[in-house]
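Note sheet for the following structure.
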Amino acid sequence: MWKLVRSMGINRPRNIELEELAPPDSKSATKATGLVQKVNSPEIFLHCLRSYKFSVAIGMHIGEKFDREVLYLATIMHDLSLSKEYAGPDDFELESARGAHGFLLESGYDKEKTDIIHEAIALHTSAGEASKGDPEVRLAHFGIGLDVLGIQQHNIARRTIEAVIQAHSRANFPEALLNEVTLDAANKPDSHIRGFLDLGLGKGMHANPLCKMQRRLTHSEQAAT
């Protein structure tokens with residue numbers, strides 16, 4: 001239905017330049033970025049950057065009022081526990097949320113905002129619950145979900161998606177994420193992500209239209225050299 005609506009020019013998302021999606025220039029954002037670069041794989045780090053930019057673009061299109069720094073801190077750290085430094089026995093979403101919460105409080109970050117970030121990370125794979133949360137919780141879920149499964153693509157211009165992918169490549173991302181969550185779920189038979197894997201998460205990730213966009217961009221770049 002949304003494709004028909006868009007073809008008629010109704011509520012069509014505008015193209016958003018990358019400059020409008022830049023991460024906040026704050027001490028907290030810089031520290032969090034450095035942490036993720038240090039502990040997570042390059043593929044996960046780039047996924048987190050894309051997720052933030054997709055979240056902001058969607059938020060701008062739907063007219064959501066949100067705190068960019070809070071949204072950035074939630075999206076950039078949402079996969080912290082897919083690292084040996086922050087891995088733990090509980091669901092990886094909860095372990096990541098706890099890791100980010102502790103890191104921010106130790107850095108002197110605002111307690112109320114830290115709690116929102118904790119919630120956004122803990123619920124980033126829970127569609128029903130995330131949709132009831134604060135704006136940053138909802139947008140983090142949308143942006144992360146777009147990069148992983150292609151959800152919410154109707155709320156962001158195709159050119160914007162392509163620009164984000166070109167700036168932060170998705171090459172090898174599906175395989176890298178699947179490998180890391182599979183390892184995490186190996187000893188957690190009742191975990192949330194184990195259920196997603198059993199339901200065909202891998203197939204859904206590879207069916208994401210963003211995978212096709214990445215292949216086309218890679219081919220164009222190779223042809224130009």
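Bear in mind that the values in this text are calculations on the coordinates, not laboratory data. Just so it is clear, the structure is predicted and the values come from calculations on it, not from any experiment. Virtual Cβ from ideal backbone geometry, glycine too; neighbours counted across all protein chains shown.
Quick check: Cα centre of the stretch 138-177 to Cα centre of the stretch 21-36, how many Å? Between the Cα centres of the stretch 138-177 and the stretch 21-36 lies a distance of 19 Å. Could you sort out which of Lys111/Lys188; Lys65/Lys188; Lys31/Lys132; Lys38/Lys132; Lys53/Lys113; Lys31/Lys188 sit more than 25 Å apart by Cα distance in this structure? In this structure, Lys111/Lys188; Lys65/Lys188; Lys31/Lys132; Lys38/Lys132; Lys31/Lys188 lie more than 25 Å apart at Cα.
Per-residue 3J(HN,Hα) values for the stretch 217-225, derived from phi via the Karplus relation 6.51 cos²θ - 1.76 cosθ + 1.60 with θ = phi - 60°, read 5, 4, 4, 5, 5, 5, 5, 7, 9 Hz in sequence order (x marks Gly and Pro).
Run the paramagnetic zone check for Arg159: 7 angstrom along Cα to Cβ, then residues of the stretch 31-60 with backbone nitrogen under 18 Å. In the stretch 31-60, the label zone of Arg159 (backbone N under 18 Å from the point 7 Å along Cα→Cβ) covers 54, 57-58, 60. Here the label points at Leu183 and Ala207, each 7 Å from Cα along the C-beta direction, are separated by 2.8 nm in the simple model. Just one of (i) 15.0; (ii) 12.9; (iii) 11.8 is mean projected area of the Cα convex hull in nm² calculated from these coordinates, so which is it? It is the value labelled (ii). Here the calculated FRET efficiency for Glu64 and Leu199, from their Cβ-Cβ distance with R0 = 25 Å, stands at 0.30, rounded to the nearest 0.05. Would you work out if the stretch 36-104 is rounded, prolate or oblate? Take a ≥ b ≥ c from the square roots of the eigenvalues of the alpha-carbon gyration tensor; rounded if a/c is under 1.5, else prolate when a/b is larger than b/c, oblate otherwise. Note, shape of the stretch 36-104 comes out prolate. The gain in end-to-end length when the Lys38 to Ser220 segment is fully stretched comes to 62.4 nm, 0.36 nm per residue minus the alpha carbon separation. Rounded, prolate or oblate: which one fits the stretch 174-225, using the alpha carbon gyration tensor with axes a ≥ b ≥ c (rounded when a/c is under 1.5, else prolate when a/b beats b/c, else oblate)? Taking the square roots of the gyration eigenvalues as a ≥ b ≥ c, the stretch 174-225 is prolate. Under the combined filter of DSSP loop state and at most 11 neighbouring Cβ atoms within 10 Å, the stretch 165-225 retains none of its GluC sites (Glu not before Pro). When the label point is put 7 Å from the Cα of Glu175 along its Cα-to-beta-carbon vector, which residues of the stretch 31-60 have a backbone N closer than 15 Å? Under cut-off, by backbone N: 42-44.
Converting phi to 3J(HN,Hα) with the Karplus coefficients 6.51, -1.76 and 1.60 and the offset θ = phi - 60°, the stretch 155-169 yields 9, 8, 5, 4, 4, 5, 4, 5, 5, 5, 5, 5, 6, 9, 3 Hz in sequence order, with x at every glycine or proline.
Considering only Ile58, Ala223, Phe196, whose Cα is most displaced toward the positive end of the charge dipole of the chain, charges sitting on Cβ of Lys, Arg (+1) and Asp, Glu (-1)? In the chain, that residue is Ala223.
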